[in-house]
1. How high is the relative contact order of segment 25-84, in percent, counting Cα pairs under 8 Å that sit 6 or more residues apart?
2. Based on DSSP H runs of at least 4 residues, each adding -39500 (n - 2.57), what is the mean residue ellipticity at 222 nm of the chain after dividing by all its residues, to the nearest 500 deg cm²/dmol?
3. Quick one, which of (1) 28, 15, 6; (2) 39, 15, 11; (3) 22, 15, 12 is the actual semi-axes √(5λ) of the Cα gyration tensor in Å calculated for this model?
4. Just Arg62, Arg27, Arg45 to compare: in a GNM of the chain, with alpha carbon springs under 10 Å, which one fluctuates most?
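Read-outs throughout are calculated quantities, based only on the coordinates presented, and are distinct from any laboratory measurement. It should be emphasised that the depicted structure is a prediction, and the values quoted were computed from it without experimental measurement.
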Amino acid sequence: MKPLSRDTDEAAEAVQLELLRKAGPQRRAAMALQLSDTVIALAKRAIREAHPHETDEELAVRFVAIHYGDELAEGLRRHFESVSS
């Protein structure tokens, strides 16, 4: 079998794949959600590190702009403005 990853030993990858196959759908879904949470947290941390003086709201708008587009980010910005008024 051709390795799926360039940085994982073939034997280790085979073990990982077997464990994934043995895990039920519920466990695989939980793992996927956990990975998504981790990726989102890392993205937010990187944005905060790049813009340390921005407020939480400004960082949230920036995150949404990067990942979901300017239109949605603008709507979020307007929402934050309306609830702070």
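1. 21
2. Taking each H run of at least 4 residues, the total per residue is -26500 deg cm²/dmol.
3. (2)
4. Arg27
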